[in-house]
Amino acid sequence: MPRTSFGHRMRREIIEQPAAVTATLAAETDNIREFAARLRKDNVQQVLLVARGTSDNAAMYARYAFPIIANKLTSVLAASLLTVYDAQLDMKNCLVMGISQSGQSVGVVEFLEHARHHGAITCALTNTADSPLGKAADVVLATHAREEKSVPATKTYTTALAVIHQLASLWAGDVERAKRIYDVPGCIEQVLKMEGQIQQRAERYRYMPGCAVVGRGFSLCTALEAALKIAQCAYVVPAAYSGIDFLHGPIASIEPGYPCMVFAPEGKALQSVSELLDALDERQAETIVVSNSAPLLDRGTVSFRVPAIDEEFAPLVSVVVGQLFALHLALHKGINPDEPRGVAKITWTL
């Protein structure tokens, strides 16, 4: 493949995200509303999530969205509990949601089949409704992102987050909250206009062997997903952390000049992330700040201003900075991010 074509699929799919989120909301909201009514009728009080890779980071978003928005206990479980350890789990009166963009992740499919036979209400969140995962579930909630051809997932991630938010909001009966997500595609469009800036500043980091990527609360999933994309696309070894966990342990490893990407949208978690930046400043770290808070942006060695939006929607917007950063870091290094070495689009392992 000529180097001029490197990353063209990933870039196209990043750019398609506003349209993909809009299409998903248009096509799936009625199904989500109907499923939310069923969950209320059945008095479901607990959510169990299973996923791998990028979908596991979407599950991390759900780990915050369902408790905060819908007041439901939520856990992310490892598929290996069943596929390797044969754990016998009582799942009565639980919602078990399997997340897989392809719907073919073997361990996730097997987990959902087990859950369905052990009393759970099962839901497949996937970009491929007619897939093994879809067939294993009671209900399919589809992302309408069309086929994703680049190995690193982008548009299937943000559309999955959109479905999760809508389900949490409509399960809670909060229609006004659900409507606010329609601002998200426009905010993503604003981030896409920053591509030239991100491309230029990513070159600064072409020789870094590793970095830390940090977020807290709703933005923890963004840190995890941005770190995954940087690892997949640019062959850097990042470490992703919750801000508070990073502050109480791993920060001891930070030397002067070490790159730390910090996702810090305005909201309830902002103060603690500001305190983390204090500690990074003391250690003379190289900070890459992604935020809509002017005081925090002023403190970054490199900063990317994202649009002002509610904290619970920030993961759908800020992650686009991480995607573009990973894409252009790879291109600066002469790597084709569409086809990362040793990485497959579908997880076949149990």
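For this structure, a couple of remarks:
- Qualifying residue in region 75-89 (condition: buried (at least 20 other Cβ atoms within 10 Å of the Cβ), hydroxyl-bearing (Ser, Thr, Tyr), at negative phi and modelled with pLDDT of 90 or more): no
- Cβ-Cβ under 9 Å pairs, at least 6 apart or on other chains, region 142-155 side farther than 15 Å from residue 130 by Cα and open to solvent by 10 Å² or more (accessible area, probe 1.4 Å), far side of a type in the set (Ser, Thr, Tyr) and assigned to a loop (DSSP other than H, G, I, E, B): 148/102; 148/154
- Filtered by the rule that a residue be more than 20 Å from residue 220 (Cα to Cα) and of a type in the set (S, T, N, Q), region 254-284 gives a lone residue, 284.
- Taken over region 237-279, the residue count meeting the criterion of being under 13 Å from residue 289 (Cβ atoms) and buried (at least 19 other Cβ atoms within 10 Å of the Cβ) is 12.
- Candidates 23, 19, 27, filtered to the one that is surrounded by fewer than 17 Cβ atoms within 10 Å (Cβ to Cβ), at pLDDT 95 or above and in contact with a His (Cβ under 6 Å, 6 or more places away or on another chain): 27
- Residue 111 meets all of the listed conditions (1) modelled with pLDDT under 95; (2) hydrophobic (A, V, I, L, M, F, W, C); (3) over 16 Å from the mean Cα position of the chain (by Cα); (4) surrounded by fewer than 23 Cβ atoms within 10 Å (Cβ to Cβ) but one, namely (4).
- One residue from 188, 181 being closer than 14 Å to residue 25 by Cα, of a type in the set (A, V, I, L, M, F, W, C) and touching a residue at least 40 places away in the same chain (Cβ under 8 Å): 181
- The residue that is surrounded by the most Cβ atoms within 10 Å (Cβ to Cβ), counting only those in region 177-211 that are of a type in the set (Gly, Ala, Ser) and under 22 Å from residue 266 (Cβ atoms), is 178.
The values are calculated or read from the model by the stated rules, or taken from the named source; none is laboratory data. These numbers come from a predicted model, not from an experiment. Quick reminder, even Gly has a Cβ in these numbers, built from the backbone with ideal geometry, and neighbours come from all protein chains shown. Areas reflect the complete protein model, heavy atoms only, side chains present, ligands, DNA and RNA absent. Shrake-Rupley method; radii C 1.70, N 1.55, O 1.52, S 1.80 Å.
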